[in-house]
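Accompanying notes for the structure given below.
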Amino acid sequence: MSKFPKDFLWGAATSAYQVEGGIYQGGKVPSSMDPSSKEHANKEITDFSVASDHYNHWKEDVALMAEMGFKSYRFSISWPRIIKDKEGNINQEGIDFYNNLLDELIKNNIEPVVTIFHFDIPMFVEEDGGLESKNVYKHYERYCSVLFKNFGSKVKYWLTVNELNVMVLISQIINTNKEKYSSNEWQVMHNMNVVQAKAILMCREMCPKSKIGPAPNIAINYPASSKPEDFTAKLNMDLLRNWVYLDILCRGTYSKKFLSYLEQNNKQIHTTSEEMELFKIAKPDFIAINYYSSGTVEALDNKDGNDGATNADQQSGFAFKGFAKSVKNPNLEKTQFGWEIDPVGFRNTLREVWERYQLPIMVTENGIGARDVLTEDGKVHDDYRIDFYQKHIHQMALAIEDGVEMIGYMPWSAIDLVSTHEGISKRYGFVYVNRDEFDLKDMKRIRKDSFYWYKELISKNGEL
Ligand code: BG6
């Protein structure tokens, strides 16, 4: 008997700017991810202008998902494909593109799980003060109302914002903020919490049959030693890395410890009583989490370190003065790109999220980035990916036995796409896309070994 519920949503995920390409097609307006909007510091990796060219291959891509037996597909809608300018004018071609995609998914019995915003900020929003300005409220609200009106009857699961915590903690690395130290990242966090609360309320009204929730990147932290101070550091890191983004939406408040962290570091945020009232009534229906690895931390006193500025990427290098700093975990193996692999940490994370919030959980990212090799006879033998998934899915089954209520599992990524900051060579997909960093080749879609393995796993509802 499978431990997974009968209607469990097996599938995979992508995001618009990393997979679609076609940035000058279909009336899309410039976004923060377009080459024109930023300096390409690292010329050794591709930009996002072509990506996996899903904009022109979407039908073929959905057919591959259907062949794998996907029950769900998590993708993001590109805000700059839908809204043209700061007056809120709508791009009908963008609406048509996503309507076609949604219809194709539904025709193939694949439940769409739609991220409203995944890192690609329209330039008209950037030019109006960006996410740090409260002007973002009106832009995001208008955008949501267009989505709910046009797609509400087709979408059962909405995700408000992808990885707000990653945007707050390492915006300079994933390019959601061009000036490393110029902005108050905690104000960005608060503003984006407000827009999420507004989106939840709007969704209830405009699409009463849909469900909506946030999608942070959650990594549970271990203390580096049994020193009591390291356990305090674990609590501190969990707070700033994980909980502060969920507590506000699920529990309605910012914790006293978080507010005192801001005060000690001169990082006050501007809130109003109307905004804080919103959090009391706008509760999500579920929590989506992206999990790649756990963290390990030790105490960091007031004198040392930066405030979160030493980060290498999403999974490592966090340091908060007087609070905690991340260190390596000697017990864990690493991926080719240095991310620690911790399947047991996945179960631990699921348990902690469930026990803290008691809301159903959907996994909207999990996976291994690797330099996959295409053999001469056109195969990709990604046994390391199969091993990674096998172990994580096993731990997810144990979490279900622990009592965690799970809705679905949509790992990263359905097909190869361009990494946030490490190019197309860091591949995640079940389907290989035949292109290199600069040679676009034929963009052929090639089934990896993991494609066949996942197909069988889905057909047996997770039991292999
Ligand atoms: C998450 C993001 O942080 O991790 C994705 O939501 C991203 O957009 C994924 O691609 C993997 O990270 P990376 O940096 O390897 O692309």
Item to check | Filter result (surrounded by fewer than 17 Cβ atoms within 10 Å (Cβ to Cβ) and out of contact with any Ser or Thr (no Cβ under 6 Å at 6 or more places or on another chain)) within segment 422-442 | outcome: E422, N434, D436, F438, D439, L440, K441, D442
Checklist outcome for this item: Selection from segment 392-431 of residues within 14 Å of the chain's Cα centre (by Cα) and away from the ligand (no atom under 11 Å from the Cβ) yields Y409, M410, A414
Checklist entry - Scanning for something under 23 Å from P343 (Cα atoms) and modelled with pLDDT of 95 or more, does segment 245-258 turn up at least one residue? => result yes
Checklist entry - Which of (1) within 15 Å of the ligand (Cβ to nearest atom); (2) among the aliphatic types (A, V, I, L, M); (3) touching a Pro at 6+ places or on another chain (Cβ under 8 Å) is the odd one out, the single condition I368 does not satisfy? => result (3)
Checklist entry - Has segment 68-75 got any residue that is touching a residue at least 60 places away in the same chain (Cβ under 8 Å) and open to solvent by 10 Å² or more (accessible area, probe 1.4 Å)? => result yes
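Quick one: in segment 358-385, of everything that is of a type in the set (A, V, I, L, M, F, W, C) and closer than 27 Å to E437 by Cβ, which residue is most open to solvent (accessible area, probe 1.4 Å)?
Quick first cut of segment 358-385, residues of a type in the set (A, V, I, L, M, F, W, C) only: 359, 361-363, 368, 370, 373-374, 380.
Then keep just the ones that are closer than 27 Å to E437 by Cβ; that gives 368, 370, 373-374, 380.
Working: I368: 12, A370: 4, V373: 96, L374: 57, V380: 1 Å².
That would be V373.
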Checklist entry - Which residues, taken from segment 5-27, are open to solvent by 10 Å² or more (accessible area, probe 1.4 Å) and among the aromatic types (F, W, Y)? => result Y17, Y24
Checklist entry - From the list R251, R241, which residue is within 22 Å of L332 (Cα to Cα) and not small (G, A, S)? => result R241
Item to check | Residues located in segment 354-372, provided they are touching a Lys or Arg at 6+ places or on another chain (Cβ under 9 Å) and of a type in the set (V, I, T) | outcome: T364, I368
Checklist entry - Take the residues of segment 369-396 that are in contact with a strand residue (DSSP E or B) (Cβ under 9 Å, 6 or more places away or on another chain) and among the aliphatic types (A, V, I, L, M): which is farthest from R74 (Cα to Cα)? => result L374
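Please determine whether any residue of segment 435-451 is under 21 Å from Q395 (Cβ atoms), over 20 Å from the mean Cα position of the chain (by Cα) and touching a residue at least 12 places away in the same chain (Cβ under 8 Å).
Looking through segment 435-451, at least one residue is under 21 Å from Q395 (Cβ atoms), over 20 Å from the mean Cα position of the chain (by Cα) and touching a residue at least 12 places away in the same chain (Cβ under 8 Å).
Take the residues in segment 217-237 that are touching a residue at least 12 places away in the same chain (Cβ under 8 Å) and in a helix (DSSP H, G or I), then tell me which one is nearest to S153 (Cα to Cα).
Among residues in segment 217-237 that are touching a residue at least 12 places away in the same chain (Cβ under 8 Å) and in a helix (DSSP H, G or I), the one nearest to S153 (Cα to Cα) is M237.
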Checklist entry - So, of the residues in segment 265-300 that are of a type outside the set (D, E) and in contact with a His (Cβ under 9 Å, 6 or more places away or on another chain), which turns out to be nearest to T160 (Cα to Cα)? => result Y291
Checklist entry - Where in segment 238-357 are there helices (runs of 4 or more DSSP H), lying fully within it, with 1 or more residues that are open to solvent by 50 Å² or more (accessible area, probe 1.4 Å) and either more than 16 Å from the ligand (Cβ to nearest atom) or not basic (K, R) (or both)? => result 256-264, 273-281, 343-357
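Taking segment 387-410, which residues are within 14 Å of L457 (Cβ to Cβ), surrounded by 20 or more Cβ atoms within 10 Å (Cβ to Cβ) and not aromatic (F, W, Y)?
Scanning segment 387-410 gives H392, I393, M396, G408, M410.
The values are calculated or read from the model by the stated rules, or taken from the named source; none is laboratory data. This one's a predicted model, so the numbers in the text were calculated from it and none came from an experiment. Because the Cβ atoms are built from the backbone with ideal geometry, glycine has one as well, and the counts that use them run over all protein chains shown. Areas reflect the complete protein model, heavy atoms only, side chains present, ligands, DNA and RNA absent. Shrake-Rupley method; radii C 1.70, N 1.55, O 1.52, S 1.80 Å.
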